[in-house]
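The values are calculated or read from the model by the stated rules, or taken from the named source; none is laboratory data. Predicted model only: the values in this text are computed from it and were never measured. Ideal geometry is used to build each Cβ from the backbone, glycine not excepted, and the neighbour counts take in all protein chains shown. Each accessible area value is taken on the protein alone, full model and side chains, heavy atoms only, with ligands, DNA and RNA left out. Shrake-Rupley method; radii C 1.70, N 1.55, O 1.52, S 1.80 Å.
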Amino acid sequence: MSAGPRVEVVNFGCRLNLAEGEAVRTAALRAGATDTIVFNSCAVTDEAVRQARQAVRRALRERPGANVVVTGCAAELEAQRFADMGARVVANDAKGLAESYRQNPGAKPRRQYAPSYPPALSGADHARAFLGVQTGCSHDCTFCATVLARGTARSASIESVIAAARTALDRGQREIVLTGVDLASYGDDSGTSLAALAEALLALPGLDRLRLSSLDPDRIDDALFALLTQEARVMPHVHLSLQAGDDMVLRRMKRRHRRADAVRLVERLKAARPGIAIGADLIAGFPTEDAGMFANTLALVDDCDIVFGHIFPYSPRAGTPAARMPQVGRAVARERAARLREANARRRHTWMDARRGRIAAMLVERDGVSGHGEDFTALTLAAPAAPGSIVPVRIGARDGERMAATRIDKDGTA
């Protein structure tokens, strides 16, 4: 990290942070900031917060003359701690405002939650556009500190999202990924729905692919289910916020679905769209989880055909009910998370190997050779193609977590 008259934004964590990072950069530049590094932090786990603290300390040490700013969820939960380090702290809901980067560096950190949410659009340097349309959460899962960091659920208006999407399409991005803290709750605060937003976006000329980030399984209604299974431009890749595969653990988490609900939903999705790929968030070592409870979560990898697992060991978050429950211990949580990752990798590799020889439409990334198919299969082209283009390919052999791809003509010939 060398000094210079620029704004550098370091994003941690979720896709929403990635989208919001561009708003941070724009706001800081509008404020006239120079030699500024902004850490857009995450607080989903203790490890995420630790990484943010470590990065801030390093920046303060290596760039003593720079303006070091920290925002995001970790900054909300540990505002005073970051301020005591010597960093400027900007509230989550104020990180997209130019005035936040003009304020007195010694100002006391303050938490503020705006009544509405402006959509957040990632930069032009990505092949796909990440579009944040919702923030906060109105649920009370016992393990999660998100509501403490981002407040209750608020949605961007359909009109503002459409305007942001047009910006992405005008600069040549043909795939849009909708993201949010609790994406499936989009519109709860304004009388609309995620399905209605998706339909409005699909009416835009030039939008070839629409992808949705993590969805709460109990919020996939008939309209959203139909889009996921019947609309070709909605990618066949559904990531579900499952968290666990044991009913007692789900109850103690205060989740709103049960194991059978998750299995039934996946069965319905696959029956309606056989090629759909399933991803899921899973937590290992939740408080009170015994060997039998963990076995139920481990079996969920196969029962729900989870090929893209976002798996992490439970870590207690201060201020949450789960932190006060009997803990299983970090070592046990980490060992169980490792077993979940191994099971998920086996399932994913089998799924990938079955794709060999198939034809896919690949969105080419910035390097011109890597990218993803419709179902999010990671692909590598034999010869470069234009970044941001969508090209037909035939899938070859698997190489670790990626598969070889050869560009073909529309008639299927190489």
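Below, the figures for the structure above:
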item: No Cys partner within the rule (Cβ under 4.7 Å), the chain; result: 14, 42, 73, 137, 304
item: Calculated on alpha-carbon atoms, Rg and Dmax of region 137-286 in Å; result: 15.9, 49
item: Whole-percent carbon and sulfur share, accessible surface of region 137-189, 1.4 Å; result: 50
item: Fraction of the pair-distance distribution of region 240-332 above 19 Å, Cα-Cα pairs, percent; result: 39
item: Neighbour-limited loop hits for trypsin sites (Lys or Arg not before Pro), region 316-414 (at most 13 other Cβ within 10 Å; DSSP other than H, G, I, E, B); result: 356, 366, 410
item: Helical contribution to [θ] at 222 nm, DSSP H n ≥ 4, -39,500 (n - 2.57), averaged over the chain, rounded to 500; result: -10500 deg cm²/dmol
item: Region 17-70: translational diffusion in µm²/s, Stokes-Einstein, Kirkwood Rh over Cα pairs, 4 °C, 1.567 mPa s; result: 108
item: Where only alpha carbons of region 289-414 are counted, the Rg and the Dmax (Å); result: 19.4, 61
item: Largest to smallest principal axis extent of the C-alpha atoms in the chain, angstrom; result: 61, 51, 43
item: Heavy-atom accessible surface of region 263-326: percent carbon and sulfur, 1.4 Å; result: 59
item: Spin-label model distance (nm) - residue 248 vs residue 303, 7 Å beyond Cα toward Cβ; result: 1.5
item: Cα gyration tensor of region 39-176 - equivalent ellipsoid semi-axes, whole Å, descending; result: 27, 19, 15
item: Percentage, to the nearest whole number, of Cα pairs in region 320-390 over 16 Å apart; result: 64
item: Segment residue 323-residue 342, extension gain: residue separation times 0.36 nm, minus the distance between their alpha carbons; result: 4.1 nm
item: Heavy-atom surface of region 145-298, accessible at 1.4 Å and reported per residue (Å²); result: 34
item: Within-14-Å neighbourhood charge of residue 340 [Cβ basis; K, R +1; D, E -1]; result: 0
item: Two-site label geometry, residue 408 and residue 163: point separation in nm, points 7 Å out along Cα→Cβ; result: 4.4
item: Kirkwood hydrodynamic radius (C-alpha pairs) into Stokes-Einstein, region 205-362, 10 °C and 1.306 mPa s, D in µm²/s; result: 96
item: Contact order normalised by residue count of the chain, Cα under 8 Å, 6+ apart, percent; result: 11
item: For region 208-264, alpha-carbon Rg relative to the globular expectation (2.2 N^0.38 Å, N residues); result: 1.26
item: Principal axis dimensions, region 341-380 - Cα atoms, whole angstrom, descending; result: 31, 22, 13
item: Approximate spin-label separation residue 102-residue 221, in nm, with each point projected 7 Å along Cα-to-Cβ; result: 4.2
item: Rotationally averaged projected area of region 166-241 (alpha carbon convex hull; nm²); result: 5.0
